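Only one structure is covered here, and it is reproduced in the block below.
The values are calculated or read from the model by the stated rules, or taken from the named source; none is laboratory data. Since the model is a prediction, treat every value here as computed from it, not as a measurement. Glycine also receives a Cβ, built like all others from the backbone with ideal geometry; neighbour counts cover every protein chain displayed. Calculation scope for accessible area: heavy atoms of the full protein, side chains included, ligands and nucleic acids excluded. Shrake-Rupley method; radii C 1.70, N 1.55, O 1.52, S 1.80 Å.
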Amino acid sequence: MNTVFYTIILTAITVLSFQSEAQIIDLSKTDIIDLSHTYDENTLYWPNSPTSFDHKTLAYGPTDAGYFYSAYTFATPEHGGTHIDAPIHFHKDGDTVEQLKVEKLILPAIVIDVSAAANKDRDYRLQVSDIEKFEERHGKIPENSAILLRTKWDRFWPDAKSYLGDDTPGKTTDLHFPSFGAEATRFLVNERGAAMIGIDTASIDYGPSQDFIVHQIVAEKNIPDLENLTGLDKLPATGATIIALPMKIAKGSGAPVRVIAMVPKN
C-alpha cells in the first residue's frame, strides 16, 4: 500500500470509534472495501438530467520527446453515479460541498439490510420497526454514525430499466425503487443522532416520491447523504468505518465521491 495513503488514512481514523475513547485501526488487520461505481459512459443519472458523463481525450501516445503522455477532460452533473448530496441540495441554508467538514465524512457505519422486503416490494421504505428489529439484534445505534441502507439494488447497475424502474428519458413520474421512509429517517436523525445516511439505490427517497421528504429531513439538519453506493453486502451490520471524500467543489450541491469502508478482519 502507498505509504502516504496509509499515513493519511491512519491519522484520520484514530479519532473514530464506536466507543467513547479513540482507537487506532490497524490496516494490516483491516479489509478495505470500495463502495463506489466507476464513472463511465454507462453511469446512471436522474432521468431529467440534461447531460451525463463526458470523457474526452486531449492526448494519448508517444510525444516528440519520446515519452508516453495521456490527458483528458471530463464533465458530469453533480448528482449521478456514486455521489454525495450536500445539505444545500434541499435546504437554502445548508452546507455546500466545500463546507462539509472532513471529520463528518469519516464515520462509523451502521448497515441495515432491507433487501428481503425490497425484493418483494420495489417501493419499500425503511420503517421504524426495521430499526427496532436491528437494535434488538445489534444494540442501540450510536450517535454520529453513517446509516447505510442495503437493498442489494446495485445488482441492477447499470441497467436503467431495472435500477430505476423506468428508462424513459426525461420522465421522473414512474420510477420504482426502495429507500428510506420519512418516519424512520426522522427517528434516525432526531432519536439516534445520525450524522449521514446512504443507500445503494438512486435516491434516499423512494422511486415514486415527488416531494423528496427524506432529502428535506436530513438537509434541514445539515446532514449529507450518499446515493448509488455498491457493495454494501460486503459490510457487517456494525464495526465498519466509512470514508466518503467528494471532489471539493465550491458552492456545490453535490459531487462525485469515492466511498471506501474499512472492515476489521476476522
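Within the straight-line cut-off of under 15 Å between alpha carbons, the aspartates and glutamates reachable from Lys56 are Asp40, Glu41, sequence neighbours fewer than 8 places apart in one chain being disregarded.
Give me the percent of accessible area attributable to carbon and sulfur for the chain, probe 1.4 angstrom. Each step should come with its number before you reach the end.
On the way: 6700 of 13590 Å².
Carbon and sulfur together cover 49 percent of it.
How big is the dipole moment of the chain about its Cα centre under a simple scheme where the beta carbon of each Lys and Arg is +1, that of each Asp and Glu is -1, and everything else is neutral? Debye, nearest 20, please.
Details: 24 positive and 36 negative charges, 74 e Å.
About 360 debye.
Can you give me the accessible area per residue for the chain, using a 1.4 Å probe, in Å²?
51
For Lys265, the aspartates and glutamates whose Cα falls under 18 Å of its own Cα, not counting residues fewer than eight places away in the same chain, are Asp26, Asp31, Asp34, Asp233. Summing +1 for each Lys or Arg and -1 for each Asp or Glu among the other residues whose beta-carbon sits under 12 angstrom from that of Leu229 gives -2.
Here the chain carries DSSP beta bridges of which approximately 70% are antiparallel, counting only pairs with both residues inside. What is the sum of charges, Lys and Arg at +1 and Asp and Glu at -1, for the other residues whose Cβ falls under 14 Å from the Cβ of Ala118? Combined, the nearby Lys, Arg, Asp and Glu give -1.
Global dimensions of the stretch 88-192 from alpha-carbon coordinates: Rg and Dmax equal 15.9, 44 Å. The calculated FRET efficiency for Ser49 paired with Arg155, based on their beta-carbon distance and R0 = 30 Å, is about 0.85. State the Kirkwood hydrodynamic radius of the stretch 196-266 in Å, one decimal place, computed from all pairs of distinct Cα atoms. Answer for the stretch 196-266: a Kirkwood hydrodynamic radius of 13.7 Å.
Express in nm, to one decimal, how much length is gained between Asp93 and Lys133 on full extension, taking 0.36 nm for each residue of separation and deducting their alpha carbon distance.
Working: separation 40, 0.36 × 40 = 14.40 nm, distance 3.48 nm.
Between Asp93 and Lys133, full extension yields an extra 10.9 nm.
Defining a contact as two alpha carbons under 8 Å apart and six or more residues distant in sequence, what relative contact order in percent does the chain show?
Value for the chain: 28 percent.
Kindly identify the chain as rounded, prolate or oblate by the Cα gyration tensor criterion: order the square roots of the eigenvalues as a ≥ b ≥ c, call it rounded if a/c is under 1.5, otherwise compare a/b with b/c, prolate if a/b is larger, else oblate. It is oblate, given that a/c is not under 1.5 and a/b is not larger than b/c. A DSSP coil position with no more than 14 other Cβ atoms inside 10 Å describes the following GluC sites (Glu not before Pro) in the stretch 96-189: Glu143.
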